[in-house]
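Novice: One structure is given below, represented as structure tokens, and several questions about it will come after.
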């Protein structure tokens with residue numbers, strides 16, 4: 001499952017969107033912990049969507 005799958009299916013997921021924004025904007029090191037596998041994959045998927053310019057996916061988060 002990817003970040004886009006969550007958005008497309010109207011799933012609810014508590015996410016670290018603010019931290020992603022800061023990570024990308026300021027390029028500072030951050031420690032972000034989460035459950036094994038799923039959280040890391042979701043993080044990479046969300047970062048991918050940020051760099052692809054899909055801002056609409058993040059509206060309201």
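The values are calculated or read from the model by the stated rules, or taken from the named source; none is laboratory data. Nothing here was measured: the structure is a model prediction, and the numbers come from that model. All Cβ positions, even for glycine, are placed from backbone atoms using ideal geometry, and neighbour counts span all protein chains on display.
Novice: If you take the residues in the stretch 38-61 that are within 13 Å of residue 2 (Cβ to Cβ) and more than 10 Å from the chain's Cα centre (by Cα), which one is modelled with the lowest pLDDT?
Specialist: 38
Novice: Something else now. If residue 31 satisfies all but one of (1) part of a loop (DSSP other than H, G, I, E, B); (2) modelled with pLDDT of 75 or more, what's the number of the condition it fails?
Specialist: Checking residue 31 against (1) part of a loop (DSSP other than H, G, I, E, B); (2) modelled with pLDDT of 75 or more, the one that fails is (2).
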